[in-house]
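Have a look at the structure below, then the notes.
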Amino acid sequence: MSRFGEVDDQYDPHALEQRVFDYWDDVDAYEQTVEHRSDGESFFFVDGPPYTSGSAHMGTTWNKTLKDVYLRFFRMQGYDVTDRPGYDMHGLPIETRVEEQLGFENKKDIEEYGEENFIEACKEYAEEQLEGLQEDFQDFGVWMDWSDPYKTVRPEYMEAAWWGFSKAAERGLVEKGHRSISQCPRCETAIANNEVEYEDVEDPSVYVKFDLADREGSIVIWTTTPWTIPANTFVAVDEEGDYVGVRAEKDGEEELLYVAEAKHEEVLKEGRYEDYEIVEELTGEELIGWSYDHPLAEEVPDHPDHEGAGEVYAADYVDTGGDGTGLVHSAPGHGEEDFERGRELGFPIFCPVGSDGVYTDEAGKYEGQFVKEADDEIIADLEDNGALLASGTVHHSYGHCWRCDTGIIQIVTDQWFITITDVKDELLENIEDSEWHPDWARDNRFRDFVEEAPDWNVSRQRYWGIPLPVWTPEGRDDDEDRIVIGDREELAERVDQDVDPDEVDLHKDTVDDLTITEDGTTYTRVPDVFDVWLDSSVASWGTLDFPEDDSKFEELWPADFILEAHDQTRGWFWSQLGMGTAALGEIPYEEVLMHGHALMPDGRAMSKSKDILIDPHEAIDRHGRDVMRLFLLSNNPQGDDMRFSWDGMQTMEDHLRTLWNVFRFPLPYMRLDDFDPQETTLEDVDGDLELIDEWVLARLQSTKAEMTEHFEDRRQDKAVDALIEFVVEDVSRFYVQAVRERMWEEEDSASKEAAYATIYRVLRETVALLAPYAPFITDEIYGTLTGDAEHDTVHMCDWPEIEEYWVDEQLEEDVAFLRAIEEAGANARQQAGRKLRWPVPRVVVAADDDRVAEAVERHTDLLAERLNAREIELVSAEDRWEELQYSAEADMSELGPAFGDRAGQVMNALNEARIDEPDLDLLEEAVSDVLEEGESIEESMVSFVTETPADIAGTAFGLNGDDRGVAYVDASLTEDIESEGYAREVIRRVQEMRKDLELDVEERIALDLEIDDDRVADLVAEREDLIREEVRADELRAVEDDDGHRKEWDVDGVTMEIAVEPLAAAEASD
RNA sequence: GGGCCGGUAGCUCAAUUAGGUUGAGCGCCACUCUGAUAAGGUGGAGGUUCUCGGUUCAAAUCCGAGCCGGCCCA
């Protein structure tokens, strides 16, 4: 790019971004940037792999954009950053998508289609989706190593999972177990508890009487899953709970029922009993050992009737005050807690339900029925048996399969586990080795989750996943004798078949056929695949292609930084901790930045399936990539959700437009004067810098300091707020306003050079500071500013450092005061009805303290210029202006203790009081009505506030909400002031006409001026020279209408006719 | 049902760490200014600080109960 070249008048994000994309391509900007940092200290970032189904949504976009801003920041700080993106490509979600596409309904369809074909179809689907995501992420301007993402379906990655699992096995943390698990009957596989999604559904709600065997009456249980009653093995009570025996009457018959004391009224109401009487009070302990008859004994002949079955036991999962009856139907073949308690009691586990949710022959009369569909028949049978106390329905949340939305069932099956409960203490200790932003996420939420985490069921009875690398002896189904393979080399060595470790694909269709024969025993592979969460859990070494490639593991592992949304506490934050600890005894990441979710503008969660979403592509279409990124990044990244807002997007576009305008403002002048920032540096013009230059440079230093601090706190949102404030408030609204006249100067001047050098430095550093956020606009600005003198891209720049030389806190504060005074002065001017164009003879600044007075004294000229005042008069804190009146402002922290509940009343009286002197006695007198005997107003309770006199306009100014003084504008008129005022009115109108004619700034004109009012005409004539200079009028003469532009103006009731004629180009040049 | 986070102007958020007359930006309305500006300036409207109760002279802030939203767990 050529330095100071022509740029677009308007900030046009789409055209600009397209240019920058092309430019990046041309100069290999990303590759150069990576290379530029290759000698830096290494920084190991690990990308939490997005799942390859569907396109990028706003949440993914926010996540990747956050990653991008931090990676760019770390690069600018000199680090050699590992930025390999990843994709999570296995698992049930993809299987169900492919099943849908192929029109499959269950596993049998897959078997018919062929495992190999199905796996191939899944792979194709995942790769297709991956391409879409890759394109999206690149389109968002995210710089990661898109040429070489890690993919969980590649052999070297699958091997990383095998390796981790085998390490855990070596530590004795792998076992095959008979467990109660959540099963999706459609997918016919176990699913993890954290894959269960809860939805409100209508289910049966039945109260069942279990007839007591050795005594009169029955115990009453409640369940919403009648289909589990065939497997009832025992009833649980709370040992310490209170229970009652109730003699209840219905339809003339009497029954003795046992329920929890707290629930008896509710239960009897459900059963529509007409009358009842408590006849017995007993504790849970007394119920223990009672035996009862299975309510479906005839229908299910194989029902549990072993030693100890059909009796009452204590269990800690019973709550006599909760739902139900205080007596809990327990079926160890189904419920997780029931299962645990059943095992404690040494019971055999009875589960008459297959993996497809259909009753087996053990279920007797119900054999062959899908469990949920058998509910009605079971309820009817219970009724026939006289066991049904009440039957209805209940609305409650029930678990569903996260992929296919089928209601899950709890059954007991054989699964493989990583027994992380054996290393729970180690997990909790390892948490301490990680730093989290925000910290409560680690110490509350994550710790709670880890403390309660059960063993990790890693096996799935599916196809599209990493096969378990476990071989067991043919025909045996325990884990006593097993072989766990750690990598492809080992596989090739030990299997009976000929396998090339470099070529072998590790998917199920390949490895299922491999056998191992050792010591005369033949081993076959366990047919399961891994839970897909295990895939990404090994990302910290999978990213490095370890164990295949061990060149970087030692140096880089564990990860320095990971960044994901809060749903990953149960997901990736957890799975990595579990796997890292099981395999290596360490947490695989050192720092976590946990962000929230992207919500709709109205606060609802976004949902693709319900079509409630904001598409990032639409956001880009409307405002461009930089704006979208800036908006996303201006949200708190720590734990809080982000509400999307089109207003917020528009605001960011406004800010970028302001930056664009600030940037392009000095370009024509610099170009005209051949300004060369390499030859004329800030240091060279140091002696010519004006106060305002030094001020903006000081502000630049504190902005850098503030930003760096916020970045280090992982609050990039606060960092960018500080930068935007600097650009918009300080540079655009103040500095540029102040230096315009210097840049307009036609002659070469030291002052102009100083301004060039200053704004150049400000812009040059600003684009570096903004580069991680808005990589497109900053690169174009950078290119235009630097030409060939620096890097090819702004993203190779170092993060700007604070230059102590330019730091000046006093100056910053001085100007903050001046700006406050200026603002107050502008306000006062408006009250007095005097435009800024018209000079005022005098502005009086009444300072409340010496600090303000110092600031005014030091910068009187600047203040006079900004307020267009002939004179600034300072009234110091000790002096006072006798024309003023005073009122008092109350300090509630003093008033409260002194006046108690009358403090508010006293405050109001003080606020309303008007006195001539700021004197406590006068004040006390003014508020005497609300004071009681012996009370007084103390100095500490009030501060006096000046009240504006009628003839002069005054406005208070302050800093950070504290009043520090008042600016009074004396708006009286003199002939001299009127002369300048009217002259400025003329100038302004001529300028507008020049603009209408689209005259070049340099172009010379002839001016024709006729003013109706003689007095005004004379006043204007006094300032003829000023007018001619300002509007570049070489001639004052009559202008023919057809040669120029003529217009009649009304200036405060005075009619002025102005005509402008551009002079020939030859005459215009000097 | 439990845990965590949040609820303050139309919108996005500050002020909650140590209780003391609720603020900013954006948007809106009016006026104004304009030789970088689809800009800028000044003013205005806009608040039961989610609700109820408690502590206190005084609560957005502390305590209790509840409501709403989000995430997690069951």
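The values are calculated or read from the model by the stated rules, or taken from the named source; none is laboratory data. Just so it is clear, the structure is predicted and the values come from calculations on it, not from any experiment. Using ideal geometry, Cβ is built from the backbone for each residue, glycine included, and neighbour counts are taken over all protein chains shown. Surface accessibility is based on the protein's heavy atoms, side chains included, excluding ligands, DNA and RNA. Shrake-Rupley method; radii C 1.70, N 1.55, O 1.52, S 1.80 Å.
Dipole magnitude of segment A:542-629 about its Cα centre, charges +1 at Lys/Arg Cβ and -1 at Asp/Glu Cβ only, in debye to the nearest 20? Kindly include the intermediate steps, with their values, before the conclusion.
Values: 8 positive and 18 negative charges, 142 e Å.
Its charge dipole is roughly 680 debye.
Over all distinct Cα pairs, what is the inverse of the mean 1/r for chain A, reported as the Kirkwood hydrodynamic radius in Å?
Numbers: mean 1/r = 0.0276 Å⁻¹.
Computed over chain A, the radius equals 36.2 Å.
Please compute the contact order of chain A in relative form: average sequence separation of alpha-carbon pairs under 8 Å and at least six residues apart, divided by the residue count, as a percent.
The value is 11 percent.
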Self-check item: Alpha-carbon Debye profile of segment A:996-1060, log10 I(q)/I(0) at 0.15, 0.20, 0.22, 0.26 Å⁻¹
Solution: -0.49, -0.86, -1.03, -1.29
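Suppose every K and R has +1 on its Cβ and every D and E has -1 on its Cβ; what is the size of the dipole of chain A about the Cα centre, in Debye to the nearest 20? Don't skip to the answer; put the middle values down first.
Working: 93 positive and 272 negative charges, 280 e Å.
Here the size comes out at about 1340 debye.
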Quiz item: Residue farthest toward the positive end of the dipole of segment A:568-684, with Cβ of Lys/Arg at +1 and Asp/Glu at -1: which of A:Gly585, A:Leu659, A:His597?
Solution: A:His597
Quiz item: Among A:Lys107/A:Lys610; A:Lys123/A:Lys167; A:Lys263/A:Lys372; A:Lys176/A:Lys424; A:Lys108/A:Lys508, which pairs are too far apart, with a Cα-Cα distance over 21 Å?
Solution: A:Lys107/A:Lys610; A:Lys123/A:Lys167; A:Lys263/A:Lys372
Practice problem: Give the residue from A:Ile516, A:Leu563, A:Ile483 lying farthest towards the positive end of the charge dipole for segment A:473-590; charges sit on Cβ (+1 for Lys and Arg, -1 for Asp and Glu) and the dipole is referred to the Cα centre. | Solution: A:Leu563
Quiz item: Mind ordering A:531-540, A:251-260, A:929-938 by average Cβ neighbours within 10 Å, highest first?
Solution: A:531-540, A:251-260, A:929-938
Practice problem: From zero up to wherever the largest Cα-Cα distance of segment A:195-413 sits, split into 5 Å bins and tell me the percent of pairs in each. | Solution: 1, 7, 15, 19, 21, 17, 11, 6, 2, 0, 0
Quiz item: Hey, any idea what the orientation-averaged projected area of the convex hull of segment A:237-367's Cα atoms comes to, in nm²?
Solution: 9.1
Practice problem: Please list the equivalent ellipsoid semi-axes of segment A:324-441, computed as the square roots of five times the alpha-carbon gyration tensor eigenvalues, in descending order and whole angstrom. | Solution: 37, 19, 17
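Per residue, how much accessible area does segment A:960-1020 have with a 1.4 Å probe, in Å²? Don't skip to the end; give the middle numbers.
Numbers: 2930 Å² over 61 residues.
The answer is 48 Å² per residue.
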Practice problem: Excluding residues on the same chain fewer than 8 positions from A:Lys269, give the aspartates and glutamates whose Cα lies under 17 Å from its Cα. | Solution: A:Glu249, A:Asp251, A:Glu253, A:Glu254, A:Glu255, A:Glu261, A:Glu277, A:Asp323
Quiz item: So for segment A:792-942, what percent of the C-alpha to C-alpha distances run longer than 21 Å?
Solution: 62
Quiz prompt | Relative intensity, log₁₀ I(q)/I(0), of segment A:745-865 from a Debye sum that treats every alpha carbon as a point, q = 0.17, 0.20 Å⁻¹ | solution = -0.99, -1.08
Exercise. Give, to the nearest whole percent, the P(r) tail of segment A:569-619 beyond 14 angstrom, counting all Cα pairs.
Key: 66
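Using the heavy atoms of the protein chains alone and a 1.4 angstrom probe, what is the accessible area of segment A:478-553 per residue in square angstrom?
Working: 3190 Å² over 76 residues.
Solvent-accessible surface per residue comes out at 42 Å².
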Quiz item: Among A:1017-1029, A:133-145, what's the highest-first ranking by average C-beta atoms within 10 angstrom per residue?
Solution: A:133-145, A:1017-1029
Quiz item: What angle, in degrees between 0 and 90 and rounded to the nearest 10, separates the Cα long axis of helix A:371-384 from the longest principal axis of the Cα atoms of chain A?
Solution: 50
Practice problem: Quick one: Debye curve from the alpha-carbon atoms of segment A:862-937 only, equal weights, vacuum; give me log10 I(q)/I(0) at q = 0.21 Å⁻¹ to two decimals. | Solution: -0.91
Quiz item: Tell me, in nm to one decimal, what length is gained between A:Asp9 and A:Asn444 on full extension, where the rule is 0.36 nm per residue of separation less the Cα-Cα distance?
Solution: 151.3 nm
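Calculated FRET efficiency, A:Lys995 and A:Asp139, Cβ-Cβ r, R0 35 Å, to nearest 0.05? Numbers along the way, then the final one.
Working: r = 39 Å, r/R0 = 1.12.
Plugging the Cβ-Cβ distance into 1/(1 + (r/R0)^6) gives 0.35.
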Quiz item: How much of the accessible area of segment A:975-1068, in percent, comes from carbon and sulfur atoms when a 1.4 Å probe is used?
Solution: 39
